[in-house]
Amino acid sequence: MKTIKQYIIACIALSTTMTAQAQNLNSAYFTKDFQFRHEMNPAFENERNYVAIPILGNTNVAMRGNFGVEDVIFSNPMPGGKANTTFMNPYISPADALGGFHSGDNKVQADINIGLLSGGFKSWGGYNTVELNLRANVGAILPYELFEFAKQTGNKEYNIGDINAQAQSFMELAFGHSRQITDKLRLGAKVKVLLGVGRADLKMTDLRADLTEGNQWTISGNADADVSLKGFQATNKQKAFKKREGSYDYVDDVKVKGAGIGGYGLALDLGGIYKIDQDWTVSASLTDLGFISWNNDVQLSNESKEFVFDGFHDVHVKKEDPNSFKNQSESYSDQLAEFAHLKNQGDKGSRTTGIGATMRFAGEYNLPVYRPITFGLLSTTRINGKYTWTEGRLSANYEPLKWINGGINFAVNSFTTSMGWVVNIHPKGYNFFVGMDHILCKTNKNGIPLGSNASVSMGMSVTW
C-alpha cells in the first residue's frame, strides 16, 4: 500500500509547488492614471502618452487556490522529530490531516504576465496602445477522495474521480484603440495576435480504488496527456518486467529540438465606460476572447488500466526466496509501472484550444463632498472550463495629490477572501506602481508561500 500512496502523493506535491494564470492588477481598476488599466478594459485612456521600461514596465505574478503547502506539509509530531512531514504521517490524525482539503475539488492555479514592450499615445481621435506580452498559466484540480485515500484506507471502495492539470505559455502582440462616442459613453477594442509557445493537458479519469475479497486493492483508471510544443519528442522504451514474462512500453526520454513558435491565434478585447452623472460611472469589458491553433498534438496514455495490490505475504529474509520482501516489491513494481507510465501514441496533428476569457463589470462612486475619494465595486469572472473562477472586489481609492494615488480593497472569490492595495506614483515624466491583489501569506524559510493565494504587480514607465 505504501508504494501506491507514494505514487499518489506525487500528484499532490506537483500541484502545491506551482509558482507561476492571465493576471492583471484588479486592485488598480479604479486608480486614475494607472497606465495599464486598458489591459482590464480597453475603453480606458491615459491622461498622458507613455512608453514602459522594457521587461520592467508591467510584471504581474499571482497564485490562487483553495489549498496549499501548509495543508500537505506538517511539523513532525513524532517524539524527537525535526524534519517536516506530510499529512500522511500516522501520528497525524485523519481529522487534522484532511481538515485543510475541500470536500469537492481542490484547485491550484498560477499566472504570470510580463510586459516586454508597451506604449500608449493619443492620436486618430482617441487613445492607442501597442503591447508585446509574455504570458503563462498553470493549474491543477485534485478531488478530495485522492487525499482521503492517501491518508486512510478504512473504506472498501474509493471513487476518486478525475485529476486534471494544465500548463500554457504564449506571447501576444496587441493593438488597442478607444474613443469618446458621446459625452457619457466611451468604447474601446483591442486586437491580439497570439504566438503559442507550448501547451500541455493531463487528464486522469475514472480513478477508483476497490478492496476485494482476500484484501486485494484494485486501482483502476485512465491517464491521457496532450502536448503541443514545437520540436517536442517523447521516446518510447521497452522494459522487461522484473518478476514476470514480457515487457511494457513507457516514455523513456523527452527532448525539444528546434524550439520556437508552436502555434498561432487571435484574441479580442472589448470594453465600454458610461458616466451616468458627475458621481456615478459604470463599465464593462470582455477580454482574451480568442484561441490558439497548435501545429502538433503529441498524445501519451497508459495502456494498462488496472493495478492489483494484495499486500506482502509470508515475507522471508532470504533474498533468493520467492516471498522475500525484495522479490514481492519488484513484482508489484512491475504492475504499478505498467499502470502508471505513459506511452507515446504519436503526433495526432494540429489542435485548437481557447486561452480563457475574462469578463468584468464595475461601478464607481465619487464622493461629492470630497472628490479625491472614490469607491468602486468590481466583479471579475475568468471563463476557462474547469479552471473558471469568480471574484467580487470592493475598493476605496484616494488621490491626496495630483501625482500620487492608490487604494485598498477587500475581495471574495472562488478560493478565499483577500485584502489588496495599490500605490501609483506619477509625477511629470515618470510613472511607478506597485500593488497586490492578495497580501502575501506566510512563507517558509525558503520564501515559498505556505498558502496558495499570493499576488504581486509592479512596473515603471516614461510619460509625456
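None of the figures in this text is laboratory data; all of them are computed from the coordinates on show. On a predicted model such as this, the values are computed, not experimentally measured, just so you know. Cβ placement follows ideal geometry from the backbone for every residue including glycine, while neighbour counts extend to all protein chains displayed.
Brief remarks on what is shown
- Separation of the Val462 and Arg179 label points, Cα + 7 Å toward Cβ, nm: 2.9
- Peptides ranked, highest mean first, by Cβ atoms within 10 Å: ranges 161-168, 35-42: 35-42, 161-168
- The label-point distance for Val191 and Thr218, in a model that sets each label 7 Å from Cα toward Cβ, rounds to 5.8 nm.
- Cross-link check: pairs Lys107/Lys348; Lys122/Lys184; Lys32/Lys184; Lys203/Lys386 evaluated at a Cα-Cα cut-off of 21 Å; pairs beyond the cut-off: Lys107/Lys348.
- Between segment 186-226 and segment 353-424, the Cα center-to-center distance that results, in Å: 31
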